[in-house]
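Reading through the structure tokens given below for one structure.
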Amino acid sequence: MSRSAPLAALTRLPLAGRYGLLVSGLFLYGLSLRLMLDARVGLAPWEAFHLGVTRQLPLSIGLVSILTGVLVAAFTALRLRERIGPGTVINVLLIGLFLDLLGPLVPDPASLPARWVQFVLGVALLGLATGTYVAAGLGAGPRDGLVLGLSRVTGWPVARVRTGTELLVLGLGWLLGGLVGWGTLVFALGSGPAMSVGLGLYGLGRGGNRETAPVPVQPAR
């Protein structure tokens, strides 16, 4: 086992173990999102959009996440002809479910320093969650599939499509009343390095060894 990739052996688990790895990664991802949400200093683009929708409709943020994932996955499969893997379906259902279930359990800090500590912890945990989810190798999340499909259809680089998509979603979230703040900027700057570390723990990242796409801004979504 490489010291630089102490969890690399987990990428070679049998299928049942890889499903366990996937569910673990999605749980950690839901926890990371909940930590950032309850810190109230800003959100990632998709979460700002989901929160904005909850302020317009009587729905929980987890349910909005699930419904959005279903719509995105359906559009990607039917219109962009992008393959939907089992990990995509599980992703759509579990992240939103964990996001709601963890609501009563995650602290809601009052002081600004504590809120920032919780937010940064959420960003760091997102990196581990991403590595764990991607290491399972069971398919991209619905939002990743959308980016990959649009990139293939338009011929634009993945990075450009990802940036454009995230800016559009962030703008919609802001218009709907989603939480956009300094935390949004911190997420934009810190999520990439955190994800790189998380992927590296499994020996993934540059030219990963499973059916993973180029690492986008929010790879588990």
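Per-structure values
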{"read-out": "Tally, over the range 111-129, of residues that are buried (at least 19 other Cβ atoms within 10 Å of the Cβ) and within 16 Å of residue 25 (Cα to Cα)", "value": "7"}
{"read-out": "Pairs, first under 16 Å from residue 38 (Cα atoms) in the range 89-113, second of a type in the set (Lys, Arg), C-beta under 6 Å, six or more apart", "value": "99/34; 102/34; 106/34; 109/115"}
{"read-out": "Elements of type helices (runs of 4 or more DSSP H) contained in the range 130-221, each with 1 or more residues being at pLDDT 95 or above, surrounded by 17 or more Cβ atoms within 10 Å (Cβ to Cβ) and not hydrophobic (A, V, I, L, M, F, W, C)", "value": "158-176, 182-201"}
{"read-out": "Residue 42 being modelled with pLDDT of 95 or more, more than 13 Å from the chain's Cα centre (by Cα), among the small types (Gly, Ala, Ser) and in a loop (DSSP other than H, G, I, E, B)", "value": "yes"}
{"read-out": "Residue within the range 62-71 that is modelled with pLDDT of 95 or more, of a type in the set (A, V, I, L, M, F, W, C), closer than 30 Å to residue 13 by Cα and in a helix (DSSP H, G or I) present", "value": "yes"}
{"read-out": "Only listed residue being closer than 23 Å to residue 161 by Cα and either surrounded by 18 or more Cβ atoms within 10 Å (Cβ to Cβ) or of a type outside the set (A, V, I, L, M, F, W, C) (or both), chosen from 92, 70", "value": "92"}
{"read-out": "Residue match in the range 12-34 (condition: in contact (Cβ under 8 Å) with a residue 40 or more places away in the chain, outside any helix (DSSP H, G or I) and either surrounded by 16 or more Cβ atoms within 10 Å (Cβ to Cβ) or over 18 Å from the mean Cα position of the chain (by Cα) (or both))", "value": "no"}
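The values are calculated or read from the model by the stated rules, or taken from the named source; none is laboratory data. Here the structure is a predicted model, which is why all the values come from computation and not from measurement. Positions of Cβ are generated from backbone atoms using ideal geometry, with glycine treated the same way; all protein chains shown enter the neighbour counts.
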